[in-house]
Amino acid sequence: MMRALWTAGSGMIAQQFNVDVISNNLSNVNTVGYKKERAEFKDLLYETLDRAYMLDGKGKPVNLQVGHGTSVVATVKNFGTGNLEKTENPLDMAIDGEGFFTVRGPKGDVNYTRDGSFKISITPDGKKLSTSDGYPVLDDAGNDIVLDVDVSKLNVSSEGELSYTDANGQSVSLGQKIGLVKFPNKNGLESIGKNFYASNSASGDPVADGESGTKSTISQGFLESSNVQVVEEMVKLIVAQRAYEVNSKAIQSADEMLGMANNLRR
């Protein structure tokens, strides 16, 4: 019975974490480029009361074991592409594929994002393409993207080439290309907030988009919406709530059984 208390308690802790993950998904349903997460669990140590064995055709073909509950082992992001919403803003860009935009972070390091709702920042070096927080977007060479042109005339090709339409209606190249990268293991990326990801040894070093696999494309005037499905998350929330409730009932039952044992009289 004591084992049941701890086992059911581990189930309640795991389901509480599951609800936390689901709540974060629901809260980011309108976040541009957000990728939904799911919690993964593993069973804990087993106590073997009797082992399976066969000797001269006789014995037990099955084990007698009892587990000690569950624990959270990982949170995994679903990097499936969300719906593309048309905005007609020339600075809005959506990625169709597995690529990531590169951004110079607050500490000067390079971060990665799927959020293409870019803005223009006025700096001493000119007007630069940046995120909503003012962090500069980088080109394929790792340099800041300078846009000293009329933004309404800006053109971005599907491969990220930047150009503008001059007074004669001619397309003039700006000589820069928006940097897109991929990762050998994108599930290893670390979420650091502000719609940014940071690379690490688990994700592997970034490689230029197009060097391997299918090349990603950029759609100007579109934004990638969150890939969270509200109905799906609500169903998961109900299942997690019921699992939490059942585990609490198991604790209550074990407590009542202990109470009966303690109150036994000869």
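The values are calculated or read from the model by the stated rules, or taken from the named source; none is laboratory data. Bear in mind that the values here come from a model prediction, so they are computed numbers and not experimental data. We place every Cβ from the backbone using ideal geometry, glycine too, and count neighbours over all the protein chains shown.
Among the residues of region 76-108, those identified as among the charged types (D, E, K, R) and in a strand (DSSP E or B) are Lys77, Glu85, Lys86, Asp92, Asp96, Arg104. Residues of region 55-75 that are loosely packed, with under 13 Cβ neighbours inside 10 Å and in a strand (DSSP E or B): Leu55, Lys58, Gly59, Lys60, Leu64, Gln65, Val66, Val73, Ala74. None of Ser203, Ser158 is under 27 Å from the mean Cα position of the chain (by Cα), loosely packed, with under 15 Cβ neighbours inside 10 Å, within 22 Å of Tyr34 (Cα to Cα) and modelled with pLDDT under 95 except Ser158. Considering each residue of region 143-165 in turn, none proves to be free of Cβ contacts under 8 Å to residues at least 40 places away in the same chain, in a loop (DSSP other than H, G, I, E, B) and closer than 23 Å to Glu40 by Cα.
Name the residues in region 53-93 that are more than 17 Å from the chain's Cα centre (by Cα) and among the small types (Gly, Ala, Ser), would you?
Start the filter on region 53-93 by keeping residues that are more than 17 Å from the chain's Cα centre (by Cα), which leaves 53-71, 84-93.
Residues satisfying the conditions are Gly57, Gly59, Gly67, Gly69, Ser71.
Would you tally the residues in region 205-227 being part of a strand (DSSP E or B), small (Gly, Ala, Ser) and within 9 Å of Lys182 (Cα to Cα)? Before you say what the answer is, go through the steps one by one.
From region 205-227, those part of a strand (DSSP E or B) are 207-208, 217-220, 222-224; that's our starting set.
From the residues that got through so far, the ones that are small (Gly, Ala, Ser) too are 208, 219.
Subsequent filtering for residues that are within 9 Å of Lys182 (Cα to Cα) retains 208.
Of the residues in region 205-227, 1 are part of a strand (DSSP E or B), small (Gly, Ala, Ser) and within 9 Å of Lys182 (Cα to Cα).
Does region 28-47 contain at least one residue that is in the same structural domain as Glu159 (by TED's automatic domain parsing), surrounded by 16 or more Cβ atoms within 10 Å (Cβ to Cβ) and acidic (Asp, Glu)? No. For region 108-155, a residue qualifies if it is under 19 Å from Val207 (Cα atoms), of a type in the set (S, T, N, Q) and at pLDDT below 95, and exactly one does: Asn143.
Taken over region 1-43, the criterion of being under 24 Å from the mean Cα position of the chain (by Cα), polar (S, T, N, Q) and more than 23 Å from Glu98 (Cα to Cα) is satisfied by Gln15, Gln16, Asn18, Ser23, Ser27.
For region 144-184, give me each residue that is within 17 Å of Lys119 (Cα to Cα) and among the β-branched types (Val, Ile, Thr). Across region 144-184, the qualifying residues are Ile145, Val146, Val149, Val151, Val156, Ile178.
Within region 98-113, the set of residues being over 12 Å from Val137 (Cα atoms), under 19 Å from the mean Cα position of the chain (by Cα) and not small (Gly, Ala, Ser) comprises just one member, Glu98.
Between Ser121, Ser132, the distinction of being assigned to a loop (DSSP other than H, G, I, E, B) and polar (S, T, N, Q) belongs to Ser132 only.
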